[in-house]
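Quick notes on the structure that follows.
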Amino acid sequence: MFEYAPAPESRDVVDIKPSYGLFIDGEFVDGTGAPFKTINPATEEALAEVAAASQADVDRAVQAARKAFGVWSAMPGSERAKYLFRIARIIQERSRELAVLETLDNGKPIREARDVDLPLVAAHFFYYAGWADKLGYAGYGPDPKPLGVAGQVIPWNFPLLMLAWKIAPALACGNTVVLKPAETTPLTALLFAEICRQADLPPGVVNIVTGAGETGAAVVNHPDVNKVAFTGSTEVGRLIARSVAGSGKKVTLELGGKAANIVFDDAAIDQAVEGIVDGIFFNQGHVCCAGSRLLVQESIAEELLESLKRRLARLRLGDPMDKNTDIGAINSAEQLARVRELSDIGEAEGAERWSPACTLPERGFWFPPTVFTGVAQSHRIARDEVFGPVLAMLTFRTPAEAVEKANNTPYGLSAGVWTEKGSRILWMADRLRAGVVWANTFNKFDPTSPFGGYKESGYGREGGRHGLEAYLDV
Amino acid sequence: MTTPLADVASSGATLRAFLHGLPGVDRVGADQRAKMLGTRSIKTTAKAEAIDLAIRMVDLTTLEGADTPGKVRAMCAKAAHPDPSDPSVPKVAAVCVYPDLVGLAVEALGGSGVKVASVATAFPSGRSSLEVKVADTALAVAAGADEIDMVIDRGAFLAGDYLKVYEEIVAIKAACGEAHLKVILETGELATYDNVRRASWLAMLAGGDFIKTSTGKVQPAATLPVTLIMLEAVRDFLAATGRKVGVKPAGGIRTTKDAIKMLVLVNETVGEGWLDPDWFRLGASTLLNDLLMQRQKMATGRYAGPDYFTLD
């Protein structure tokens, strides 16, 4: 009866060039590797051709960063802050353009790019701009020094936000950077490069090198890089940890997760259901801290599942550019294959699979929101990170059992606790081995709050005062 | 919630235990959900449909000390034919007046199909004896009111005397006879979302046909989160008892945008079963002209000036 008419955001606000070069020493230059195409995962349409950086290109970028480090690190913090504030303001001014480009290249709903990603990106730059002239008060000595050149490799799930998490603190502390965006989502990083020029950032302070895994390896392994920051899979994180071991490079790794979202029988049910949905279906579940394991107190499991199914039936899957879309496209064919594979394994292992009735578009990479019930701790869908819109539901009887099951994973990035009892939240938070514990909410981010993992979820913290340590010689 | 609810109000203690046993409402989460639904973009054909539906849901209201026969007649004329220049505009659901003006409204609307609702029970404060409230209701019913908008005793509710509130609603419902009963919770005075949920259930258990947010005399009135919580309550009540109850946000809904946000809330919380004037109303005095203006803009592509819409 009340069907929402299509409400597409206009893509005219962004001007996508047919091809992009590398951003080195303040200039866009050709790469010497074989260029590759980046596509819109919602339509499989090629958006642009992007240069691939070879080892030699990466070397040029690192040299440019090294040269700029002299100027940038010697500049008073209050001056560096001006650049960062300027970048933050330009991001706000151009946020619509950036949001549209992010959605086209990544497949996430425009609503999320517009209302979550972009405000957080600007907030990160504003926040770390504020630190640039106050580093002496951060608790790392009266005059902490930067490290030098930071080599940064970021994932495809939040392309611009992960760039902000990496670049803002690095620059505030006086480092210069060589950043490699993900192969499938390079476009917003390249638009950010343009913003650096618009802000008159000194050449070489920020360098963007696009490419695949080899380019990333070249950045990480470059001998003149002083600091390596990586966000991505645990598998690649392990490789990086191994390759930089003994090199003297400082490393932070933000890797996978298999977070438990724990719902007690006294929780505010309607809001808990919203939290479960936000926890696993936000950004198609392409979130390292996603609440992919739902632990429900057995006494309310049936009732909660019914509410959850009713809610999932209302999710709107489809064109990411439509302002009313809740679930967009899976980022790549490769990722879709992985989500499918793990879901099939879940079914084969005996868990019950459920998705609401929804029509998937014919072109592009799509996966319906999916819930598995009857899941046991021993099932792979309860162990492995799916990194897709797939929720595994388990039950528990007592708070102690909830903690035991939540912690019984090689990961430890985040957790959620839903209860109206404040004392129980604190009791749980004390015992959960996870970098972030959300209480009666999930997937809330703030630049002032440190973020990072236990165990195989990585080491080091990003965000907040703690996030400065990773970029200071302390 | 699967237990039969018949005995819930057998004593103050059982009623209290039941209401306090309802799941809590997390304010941050409820606000966030309502805000997110407020971002839905309703355009073109969907907007045109929504505007007509919203017009059909309006309870056109005047509740002033200065209300006169002339004012009420003018409003009734508008309710039956909102836009004299366009006969395709649907009529509104009802007019809402004070009890002493009901007879006049009934006469003015005779045969138009627009219902007459009357506030009653010492509106808006509800501070009087049960006898007076029942008499107030009987006055309106006798004058021909189709619907009674009563207020609950917020003082008794906040003092924890749920049984008193319950019994009052039961008594007013009995006095209503054939008339439909809308129970005004005055959520702005109940303050917490937990209270809104409890008062919603209380009103439904006592036999209310509709639950209504506010009198319009207290701020905040019909906010999105409060309406969301009341919609969740009618949804859960239907599942528990099989009885369907309507919802009426009232107070502070002034623009087409506000009204469409309400419809989105209904659509995504309880579904199309409530997208009907029988089950969802918008209590408002100034909303109608904005709906008419937007409707004409949809049809002609241009905004007409305010002088092209009648002020009544």
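Backbone phi angles across region A:104-121, fed through the Karplus curve with coefficients 6.51, -1.76 and 1.60 (θ = phi - 60°), yield HN-Hα couplings of 5, 7, 9, x, 6, x, 4, 4, 6, 4, 6, 9, 10, 4, 5, x, 6, 4 Hz in residue order; Gly and Pro are listed as x. Using only Cα atoms and rounding to the nearest 10 degrees, what angle (0 to 90) does helix B:69-80 make with the longest principal axis of chain B? Once rounded, one gets 80 degrees. The angle between the Cα long axis of helix B:224-241 and the longest principal axis of the Cα atoms of chain B comes to about 60 degrees, rounded to the nearest 10. Just tell me which aspartates and glutamates come within less than 13 Å, Cα to Cα, of A:K323; anything on the same chain fewer than 8 places away is out. Leaving aside aspartates and glutamates fewer than 8 places away in the same chain, those within reach of A:K323 are A:E9, A:E112, A:D115.
Here, region A:260-439 is characterised by an Rg to Rh ratio of 0.95, where Rg is the alpha-carbon radius of gyration and Rh the Kirkwood radius. Relative contact order of chain A: 18 percent, from C-alpha pairs under 8 Å at least 6 residues apart in sequence. Stokes-Einstein, applied to the Kirkwood radius of region B:5-299 over Cα pairs at a viscosity of 0.692 mPa s and 37 °C, places its translational diffusion at 172 µm² s⁻¹. Pairs from the table (A:K421/B:K244; A:K17/A:K67; A:K67/A:K250; A:K67/A:K249) lying more than 25 angstrom apart at Cα are A:K421/B:K244; A:K17/A:K67. Relative to its Kirkwood radius, the Cα radius of gyration of region B:1-120 gives an Rg/Rh of 1.15. With N counted as the residues of region A:425-474, its alpha-carbon radius of gyration over 2.2 N^0.38 Å works out to 1.25.
For B:Y303 and A:F28, FRET efficiency with R0 = 51 Å and r from the beta-carbon atoms, rounded to 0.05? Computed FRET efficiency for A:F28 and B:Y303 comes out at 0.65. The longest stretch of chain B left intact once loop-based trypsin sites (Lys or Arg not before Pro) with at most 13 other Cβ atoms within 10 Å are removed from consideration, loops following DSSP, is B:1-126. Three principal axis extents of region A:204-250 based on alpha-carbon atoms, in descending order, are 28, 23, 15 Å.
For region B:205-222, the Karplus equation 6.51 cos²θ - 1.76 cosθ + 1.60, evaluated at θ = phi - 60°, returns couplings of 4, 7, x, x, 8, 9, 10, 10, 5, 8, 7, x, 9, 10, 9, x, 9, 7 Hz by residue, with Gly and Pro reported as x. Normalised by the number of residues in chain B, what is the relative contact order in percent for Cα pairs under 8 Å and 6+ residues apart? The normalised contact order for chain B reaches 19 percent. Among the GluC sites (Glu not before Pro) in region B:133-200, those located in a DSSP loop and surrounded by at most 11 other Cβ atoms within 10 Å of their own Cβ are B:E178. Annotation: amide H of B:I148 within the under-5 Å range of B:S118, B:H180, B:L181, B:K182, sequence separation 5 or more or interchain, hydrogens built in the peptide plane. Taking the C-alpha atoms only, the angle from helix A:159-172 to the longest principal axis of chain A is near 50 degrees. Counting beta carbons within 10 Å around each of B:M262, A:M428 and listing the fewest first gives the order A:M428, B:M262.
Scanning residues 5 or more positions from A:G416 or on other chains, those with amide H under 5 Å from its amide H are A:A260, A:N261, A:I262, A:W438, with H placed 1.01 Å from N in the peptide plane. Over chain B, DSSP H runs of length four or greater, each weighted -39,500 (n - 2.57), average out per residue to a 222 nm ellipticity of -15000 deg cm²/dmol. Our compactness index for chain A, the C-alpha radius of gyration over the empirical 2.2 N^0.38 Å, is 0.96.
Report summary: the helix-based calculation at 222 nm, which adds -39500 (n - 2.57) for every DSSP H run with n ≥ 4 and divides by the residues of chain A, gives -11500 deg cm²/dmol. For region A:163-281, the square roots of the Cα gyration tensor eigenvalues, ordered a ≥ b ≥ c, give a/c of at least 1.5 with a/b greater than b/c, which places it in the prolate category. The relative contact order of region A:309-461, computed from alpha carbon pairs under 8 Å that lie at least 6 residues apart in sequence, is 15 percent.
Sequentially through region A:124-130, phi angles give Karplus couplings (6.51, -1.76, 1.60; θ = phi - 60°) of 5, 5, 4, 4, 6, 4, x Hz, Gly and Pro residues having no value and appearing as x. Footprinting exposure proxy ranking of A:E9, A:E469, A:E349, fewest other C-beta atoms within 10 angstrom first, gives A:E349, A:E469, A:E9.
Read the figures in this text as sums done on the coordinates, not as results from a lab. This structure is a prediction, so every number in the text was calculated from the model and none was measured. Glycine also receives a Cβ, built like all others from the backbone with ideal geometry; neighbour counts cover every protein chain displayed.
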